[in-house]
Amino acid sequence: MWAFHNPVKIQFGAGALEMLADSLQGRPYALVTYCDPVFELLCDRITAQAGQPALVIDNIQPNPDFTELEVSCARWMSVEQPPEVIVALGGGSVIDTAKVLAAAGGNFHRVRRYLQEGEGRDQLAGVPIIAVPTTAGTGSEVTCWATVWHSEAQRKYSLALPELYPEVALVDPELTLELPLSLTVSTALDALSHALESLWNVNRNPISSAAAISAAREIIDWLPALVEEPQNLMLRSRIARAALMAGVAFSNTKTAIAHNISYPITLRYGTAHGEACSFTLPTILRTVVGHSAELDVLLAQIFGTPIEVGVEQLEQMLHRLGISTAYQDYGISDREWLEIVDEAFAGERGANFIGEKARFLAVGQQ
Ligand SMILES: NC(=O)c1ccc[n+]([C@@H]2O[C@H](COP(=O)([O-])OP(=O)(O)OC[C@H]3O[C@@H](n4cnc5c(N)ncnc54)[C@H](O)[C@@H]3O)[C@@H](O)[C@H]2O)c1
Ligand SMILES: [Fe+2]
């Protein structure tokens with residue numbers, strides 16, 4: 001027996017941003033985005049079609065942290081009439097900030113308390129969100145959780161509530177045309193990681209697996225071509241669709257060991273999320289090949305047979321994209337690596353992984 005659930009209305013395609021006014025239906029909105037000239041132009045396009053926002057929150061930095069989130073939530077209280085809907089224009093950091101704002105309803109303390117103490121669930125709000133992703137990576141436009149960073153305490157939290165599924169996702173690949181190359185690569189690899197993590201996952205189901213296979217194949221087949229031709233809208237569309245499909249896949253499974261290994265690396269060394277959660281993929285794949293006939297059938301649809309050859313090709317692709325697959329290259333000592341791996345397997349996301357720690361470590365030594 002299995003079930004699949006995802007309530008987000010998805011509008012995909014070049015020009016999807018023009019559907020924003022329709023989605024807003026006249027409701028007063030808060031616009032959440034980065035403070036960046038590229039985004040000023042996009043904000044102008046939004047106000048031209050949807051009218052002035054009731055509130056603009058544009059202090060968003062990569063990897064939303066307790067400190068900035070508190071400031072953003074305080075801004076929410078600076079207007080007399082709280083907005084009825086949040087438009088999140090940006091990558092995962094913007095969409096995740098919007099989720100925190102949606103739950104906090106102006107009071108970050110409530111979210112902090114819920115994250116740190118598990119209390120006050122009934123005080124959390126669920127302001128609707130219209131997500132407009134400008135990276136092709138996180139899939140946050142179709143998930144109900146936000147990654148919340150607390151760098152001072154060197155911790156990462158996940159705010160997960162069913163109310164935080166965006167109401168609408170407007171996925172417009174044209175918005176990714178100006179995404180710099182290094183971000184294009186790291187965000188697409190984040191999506192590849194979501195796809196694979198949803199497959200070697202105790203929670204996978206036939207719909208999540210189908211979405212994951214399609215996403216992983218597209219990224220492996222087309223990311224190298226996109227790097228050669230970043231202005232190609234057809235290639236941007238393929239990767240945007242793949243990231244969306246990967247999001248749909250892991251919206252039902254959550255992530256697993258690659259992500260759990262990544263968080264301390266990002267916290268300690270500032271490694272981009274997409275790089276931190278994808279450099280381990282070849283080792284994890286070698287750990288799970290042969291684990292079960294059912295998983296092998298799924299992996300063969302991505303990597304062909306023998307699966308090991310496809311995994312070797314993936315590793316070469318990562319190297320060509322400038323991603324080292326050796327933890328030592330991220331500044332991690334052997335001892336620290338063992339600690340990170342121990343903690344990652346012991347954590348909640350680690351428990352989603354179907355493979356074994358001893359085998360992962362043994363494969364990594366080879
Ligand atoms: N909620 C989820 O389901 C989920 C899943 C994966 C990752 N995340 C989180 O998302 C965050 C990472 O998000 P991200 O990788 O999308 O990047 P991001 O939102 O952190 O943005 C990174 C940089 O890209 C720039 N940028 C974004 N779009 C651009 C564009 N179209 N053109 C030019 N520059 C652009 C931004 O200005 C920013 O400096 C991390 O905090 C990660 O933990 C959340
Ligand atoms: Fe991720």
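In nm, what is the difference between 0.36 nm times the number of residues separating residue 113 and residue 67 and their Cα-Cα distance? Let's see the in-between values first.
Values: separation 46, 0.36 × 46 = 16.56 nm, distance 1.43 nm.
15.1 nm is the gain from fully extending residue 113 to residue 67.
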* Using a Gaussian network model of the chain whose springs link C-alpha atoms within less than 10 Å, name the residue from 281, 101, 298 with the highest mean-square fluctuation. => 298
* Quick one: of the DSSP bridges fully inside the chain, what percent are antiparallel, nearest 5? -> 25
* To do: Mind jotting down the distance between the C-alpha centroids of the range 292-309 and the range 154-193, whole Å?
  => 27
* **Computed accessible area, residue 71, all protein chains, 1.4 angstrom probe, square angstrom** => 80
* To the nearest 500 deg cm²/dmol, what mean residue ellipticity at 222 nm is calculated for the chain from DSSP H runs of n ≥ 4 alone, each contributing -39,500 (n - 2.57), summed and divided by the residues? -> -16000 deg cm²/dmol
* Asked: When N counts the residues of the chain, how does its alpha-carbon radius of gyration compare numerically with 2.2 N^0.38 Å, as a ratio?
  -> 0.95
* Estimated Rh, the range 9-174: Kirkwood, alpha-carbon pairs, angstrom -> 15.6
* Asked: Rounded, prolate or oblate: which one fits the range 295-366, using the alpha carbon gyration tensor with axes a ≥ b ≥ c (rounded when a/c is under 1.5, else prolate when a/b beats b/c, else oblate)?
  -> oblate
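With a cut-off of 8 Å between alpha carbons and a minimum separation of six or more residues, what is the relative contact order of the range 94-207 in percent?
Numbers: 151 pairs, mean separation 30.0, N = 114.
Relative contact order for the range 94-207 comes out at 26 percent.
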* Please work out the C-alpha center-to-center distance from the range 92-150 to the range 311-364 and express it in whole Å. => 28
* To do: Heads up, I need the accessible area for residue 228: 1.4 angstrom probe, whole protein in place, Å², nearest 10.
  => 150
* Sequence-distant or interchain residues sharing an amide H contact under 5 Å with residue 56, placed H: which? -> 31
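Once you order the gyration tensor axes a ≥ b ≥ c over the Cα atoms, which shape class does the range 235-366 get: rounded for a/c under 1.5, otherwise prolate or oblate by comparing a/b with b/c? Mind showing how you got there, number by number?
Details: a/c = 1.34, a/b = 1.20, b/c = 1.12.
Because its axes are fairly even, with a/c under 1.5, the range 235-366 counts as rounded.
The values are calculated or read from the model by the stated rules, or taken from the named source; none is laboratory data. As the structure is a computational prediction, the values presented were derived from the model and not from experiment. The protein model used for the area step is the full one, side chains on, heavy atoms only, and it has no ligands, DNA or RNA in it. Shrake-Rupley method; radii C 1.70, N 1.55, O 1.52, S 1.80 Å.
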